[in-house]
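In what follows, a single structure is set out as structure tokens and then discussed.
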Amino acid sequence: MSAIFQIHNLAKLNWSTDANALNKYLFSQISAEIAEPTRIALIGASGQGKSTLLRIMALLDTPDEGDLLVNGKSFQHIPARQWRMTVTYVAQQAVMLPGSIEDNLRMVSKLHGQPYDVSLATELLEQLGLDYLDLGKVAEDCSGGEKQRISLIRSLLLRPEILLLDEITASLDINSTQKVEALLLNWHKQQGTTFIWVTHDLEQARRISNRTWMMDKGGLQEYSSDAFFNEPVANLAKRFVGSTEGSLH
Ligand SMILES: Nc1ncnc2c1ncn2[C@@H]1O[C@H](COP(=O)(O)OP(=O)(O)OP(=O)(O)O)[C@@H](O)[C@H]1O
């Protein structure tokens, strides 16, 4: 049986035209395989290309070299819209579609020709503490944290096989962050959805993952989260090269 997701020798050229730029590539020779449903924390210092890698995985940006395969099929043979129903990106800055909150929740299913699951939407709104919202409210008028959670629900309604989560709790308070983490851990358990979650919060990375991918110096290293986070903090810090943002307490 094919792996759920494969990355083969992926590279993205550095767009800097500065002849003195240190590296030709933002990242290169990135390979990884997800053989079974997995919870992955993607960590690394700012500017390493974590968001760019996720966006390429969702075909929102193009790789300069290499291949991506979902269930054994290359991205070159799958229409982007179909690909994104399987590999769905949730952005850090949630963008609301025009219309109401309900329009937003319905619209994505409509765009992808899937029935709108109203009971699931209601359940997810409740689990994320959004059941107080008037669904007729203009989505654009919601707060940043509300938009973030609406956008996550919008993506979950597609029931993708792989969720790419880009710092999705960065604008949330602790209470809402806990709700998002609990919902996604439960969703993974119930639905077998793989997620790759970019976070700068190493405590969060430890809580939500069983594998850790670390981007550093243009490459990607893979670890078991148990092994990675059980190391002495000093070693961890050394591995987290160049980063001043890791916050393991
Ligand atoms: N071809 C490219 N595509 C995207 N970014 C590029 C490219 N070439 C150079 N860059 C630079 O590399 C960095 C990539 O940013 P990106 O958001 O992917 O990194 P990140 O690891 O997610 O950072 P952060 O943790 O700060 O969000 C940016 O500084 C961008 O200007």
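Read-outs: derived from the displayed coordinates by stated rules, not from any lab. Note that the structure is a prediction, hence the values are computed from the model and not measured. Ideal geometry is used to build each Cβ from the backbone, glycine not excepted, and the neighbour counts take in all protein chains shown.
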> Once the dipole of the stretch 5-239 is set up with Lys and Arg at +1 and Asp and Glu at -1 on Cβ about the Cα centre, which of THR122, LEU220, THR194 lies farthest towards its positive end?
Replying inline: LEU220
>> What does the C-alpha gyration tensor say about the overall shape of the stretch 161-200? Classify as rounded when a/c is under 1.5, otherwise prolate if a/b is larger than b/c, or oblate.
In response: oblate
> From the phi of every residue in the stretch 73-88, what ³J(HN,Hα) in whole Hz does the Karplus formula 6.51 cos²θ - 1.76 cosθ + 1.60 yield, where θ is phi - 60° and glycine or proline is x?
Replying inline: 10, 6, 4, 6, 10, 10, x, 4, 5, 5, 4, 6, 7, 9, 10, 10
> In straight Cα distance, which lysines are under 26 Å from LYS147, not counting same-chain residues fewer than 8 positions off?
Replying inline: LYS50, LYS110, LYS137, LYS179, LYS189
>> Helix-only mean residue ellipticity at 222 nm, the chain, DSSP H runs n ≥ 4 weighted -39,500 (n - 2.57), per residue, nearest 500. What is it?
In response: -10000 deg cm²/dmol
> Cα gyration tensor of the stretch 111-179, axes a ≥ b ≥ c as square roots of the eigenvalues: rounded (a/c below 1.5), prolate (a/b > b/c) or oblate?
Replying inline: oblate
>> At 0.36 nm per residue, and after removing the present C-alpha to C-alpha distance, how many nm does the segment from LEU120 to HIS77 gain when stretched out fully?
In response: 12.3 nm
>> If you wrap a convex hull around the alpha carbons of the chain, what volume per residue comes out, as a whole number of Å³?
In response: 139 Å³
> According to a simple spin-label model (label point 7 Å from Cα along Cα-to-Cβ), what is the distance in nm between HIS8 and GLN191?
Replying inline: 2.9 nm
> In the chain, what % of DSSP beta bridges are antiparallel (nearest 5)?
Replying inline: 55 percent
>> Can you give the FRET efficiency to the nearest 0.05 for ASP131 and ASP61, using r as the Cβ-Cβ distance and R₀ = 30 Å?
In response: 0.25
> Given charges of +1 on the Cβ of Lys and Arg and -1 on the Cβ of Asp and Glu, with all other atoms neutral, how large is the dipole of the chain about its Cα centre, in debye to the nearest 20?
Replying inline: 420 debye
